[in-house]
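*Asks:* Before I ask anything, here is the structure I am working with.
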Amino acid sequence: MEIYKNNTLVQTITLDTDSDIHAHNLTDLNLDYGFYKACLCDSKGNRSGFTYWEILETNVSSVLDNHDILSVYYSSANAKPTRLVLCSSNGKNAASLELTEAEILSGSVSFNLYDLYKKRVPDKAMPTPLYLKVYFKGEYGIVTNSPLVVFH
């Protein structure tokens, strides 16, 4: 299998030819963010079609102050943050916020945590722990950061 980044060969992986099923975890290759493609090839130079993917670089952090103001900071070298979601430990959305163009450009947003939650669920207590996910849009889809605990 040949792996290319921006049309430059970056890795060749030898696959077990005794098996009809091939699975390879590319995580161990520590590929940098960017656009990739891969194909299968044999010793005669024959190649399969390419599979394309993108690795997104994302950063998210947050601070909850003593006045229940949650400040969320986000950045990416190659993706656009689009919204943030607060969810409970079972994965259910507790509240969400679409980011404005100004918030996307500034790389941060601040809001009252309780007010945002109460807009969606006015008659229920806020779940604990509460997790934060920021959605980033790339060329091939949307990813989120690993959930961050923002309230417990």
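The values are calculated or read from the model by the stated rules, or taken from the named source; none is laboratory data. Computed from a predicted structure; not experimentally measured. Positions of Cβ are generated from backbone atoms using ideal geometry, with glycine treated the same way; all protein chains shown enter the neighbour counts. Ligands, DNA and RNA are stripped out before the accessible areas are found, and what is left, the full protein with its side chains, is counted by its heavy atoms. Shrake-Rupley method; radii C 1.70, N 1.55, O 1.52, S 1.80 Å.
*Asks:* Hey, how many Å between the Cα centroid of region 13-28 and the Cα centroid of region 100-152?
*Replies:* Result: 38 Å between the Cα centres.
*Asks:* Only Cα pairs under 8 Å and at least 6 apart count here; give the relative contact order of region 29-131 as a rounded whole percent.
*Replies:* 21
*Asks:* Need the list of lysines near Lys37 for cross-linking: C-alpha distance under 16 angstrom, and skip anything on the same chain fewer than eight residues off.
*Replies:* Lys5
*Asks:* Residue by residue through region 34-43, what is 3J(HN,Hα) from phi via Karplus (6.51 cos²θ - 1.76 cosθ + 1.60, θ = phi - 60°)? Round to whole Hz and write x for glycine and proline.
*Replies:* For region 34-43, the Karplus-derived couplings read x, 9, 10, 8, 9, 9, 8, 9, 10, 5 Hz, x marking Gly and Pro.
*Asks:* Continuing with the same structure: Is there a quick way to get the dipole size of region 5-92? I mean about its Cα centre, with the Cβ of Lys and Arg at +1 and of Asp and Glu at -1; what is the value in debye to the nearest 20?
*Replies:* I would put it at about 360 debye.
*Asks:* Please give every one of the lysines within straight-line cross-link reach of Lys118, meaning a C-alpha to C-alpha distance under 26 Å, and leave out same-chain neighbours fewer than 8 residues apart.
*Replies:* Lys118 reaches Lys92, Lys133.
*Asks:* Right, another one. Candidates (1) 14.4, 42; (2) 15.3, 44; (3) 20.6, 68; which is the computed Rg and Dmax of the Cα atoms in Å?
*Replies:* (3)
*Asks:* For a quick check: with amide H placed at 1.01 Å from N, whose amide H comes under 5 Å from Gln11's, ignoring anything fewer than 5 positions away on the same chain?
*Replies:* Ile3
*Asks:* Can I ask one more? Could you please state how large a percent of the accessible area of the chain is carbon and sulfur, counting protein chains only and using a 1.4 Å probe?
*Replies:* Of the solvent-accessible surface of the chain, carbon and sulfur hold 49 percent.
*Asks:* For Lys44, which aspartates and glutamates qualify as cross-link partners when the Cα separation must be under 18 Å and same-chain residues fewer than eight apart are set aside?
*Replies:* By straight Cα distance, Lys44 reaches Glu2, Asp16, Asp18.
*Asks:* Leaving out ligands and nucleic acids, and using a 1.4 Å probe, what accessible area per residue does the chain come to in Å²?
*Replies:* 63
*Asks:* Nearest 20 debye, what's the magnitude of the dipole of the chain about its Cα centre given +1 on Lys and Arg Cβ and -1 on Asp and Glu Cβ?
*Replies:* That gives the chain a dipole magnitude of about 460 debye.
*Asks:* Here's another thing I want to ask about it. Sorted by average packing, counted as other Cβ atoms within 10 angstrom per residue and highest first, what order do 14-24, 63-73 take? The partial results should precede the final answer.
*Replies:* On the way: 14-24: 7.9, 63-73: 13.9.
Highest-to-lowest ranking by the protection proxy: 63-73, 14-24.
*Asks:* While we're on this one: For a protection proxy built on the mean count of beta-carbon atoms within 10 angstrom, sort 45-54, 110-119 highest first, please.
*Replies:* Most protected by this proxy first, the peptides run 110-119, 45-54.
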